Amino acid sequence: MRDPRQMQALEDMGVDLMGMIFFPKSPRYVETEGSCPCSLPQKIAKVGVFVKADIDTVASCVKKYNLSFVQLHGGEDIDYARQLIEKTGVKIIKVASVSGVDDVRNIPTEWESVADYMLFDYKCVGYGGSGQQFDWAVLDEYTLNIPFLLSGGVGADDAEAVKNIRHPKFAGVDVNSKFEISPANKDIDKVKTFLSVIRE
């Protein structure tokens, strides 16, 4: 997200996490030049999404935007994550792109000592934002002791299906492209309706 007014609206709804994408090739890219908007919400935890970024660059954004989490979306390894934690103290969301059950089964157990959340997204060419879903049934094969977030083409019509996920490590859902009017411009009413169903 980029619009501080929309960010504040989500905070007022009680949304837990808000993403800011720091990948220059993304249409949702947050410009890092100049000053940070002074009107960023303070209560909602902000997540910086990065793809193979230099650690010093990530650390600068963590400080400038008061990021609580860094989402690693470019295949960054465990050593990278450890260095980032040592440098910034930030929490880690590790993305796993999923096309089948092996992508869920074969995550290295070493991530249990580093990642605060896994995020399962649809495997596509590029880095997310495809608007497509993988088969959620493969999540039954996930056995790591790390809570996970569900991403990838989740739309307003999926609220009941999301509610029916019973995996003990399922911690939340990442909504993005299916709730946008245009890149980084959320349909706030659609998000609000989705949340109301999820919370019933």
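Label-to-label distance, ASP187 versus GLU141, with points set 7 angstrom from Cα along the beta-carbon direction: 3.4 nm.
Taking region 28-123 as the region of interest, the number of lysine pairs whose Cα atoms are within less than 15 Å, with members eight or more places apart or on different chains, is 8. Remark on VAL95: its backbone amide H falls under 5 Å from those of LEU72, LEU119, a criterion applied only to residues 5 or more positions apart or on other chains, H modelled at 1.01 Å from N. Over the Cα atoms of the chain, each weighted equally, I'd like the Debye log10 I(q)/I(0) at q = 0.10, 0.12, 0.16, 0.19 Å⁻¹, rounded to two decimals. Here log10 of I(q) over I(0) equals -0.40, -0.58, -1.09, -1.57. As a calculated quantity, the FRET efficiency between ARG5 and SER60 at R0 = 25 Å, using C-beta atoms, amounts to about 0.50.
Note on region 38-80: with charges restricted to the Cβ of Lys and Arg (+1) and Asp and Glu (-1), its dipole about the Cα centre is near 380 debye.
Neighbour counts of C-beta atoms inside 10 Å place TYR142, TYR29 in the sequence TYR29, TYR142, starting with the fewest.
So if R0 is 41 Å, what FRET efficiency would ASP79 and GLU200 give, r being the distance between their Cβ atoms, rounded to the nearest 0.05?
Values: r = 43 Å, r/R0 = 1.05.
My answer for the efficiency is 0.45.
Please compute the length gained on full extension between TYR29 and ASP12, using 0.36 nm multiplied by the number of residues separating them and subtracting their Cα-Cα distance.
Values: separation 17, 0.36 × 17 = 6.12 nm, distance 2.36 nm.
Roughly 3.8 nm would be gained on extension.
In this Cβ point-charge picture (+1 for Lys and Arg, -1 for Asp and Glu), region 4-198 has a dipole of about 480 debye about its Cα centre.
Sum -39500 (n - 2.57) across every DSSP H segment of at least 4 residues in the chain, then divide by the residue count to get the 222 nm mean residue ellipticity, nearest 500. Mind dumping the intermediate values first?
Working: 6 runs with 52 residues, N = 200.
It lands at -7000 deg cm²/dmol.
Ordering VAL15, ALA96, GLN71 by the projection of their Cα atoms onto the charge dipole of the chain, which places +1 on the Cβ of Lys and Arg and -1 on the Cβ of Asp and Glu, puts VAL15 at the extreme positive end. Under the convention that each Lys and Arg Cβ holds +1 and each Asp and Glu Cβ holds -1, the size of the dipole of region 149-200 around its Cα centre is about 220 debye.
Every number here is computed from the coordinates shown, using simple stated rules; none is lab data. Here the structure is a predicted model, which means the values were calculated and not measured. Positions of Cβ are generated from backbone atoms using ideal geometry, with glycine treated the same way; all protein chains shown enter the neighbour counts.
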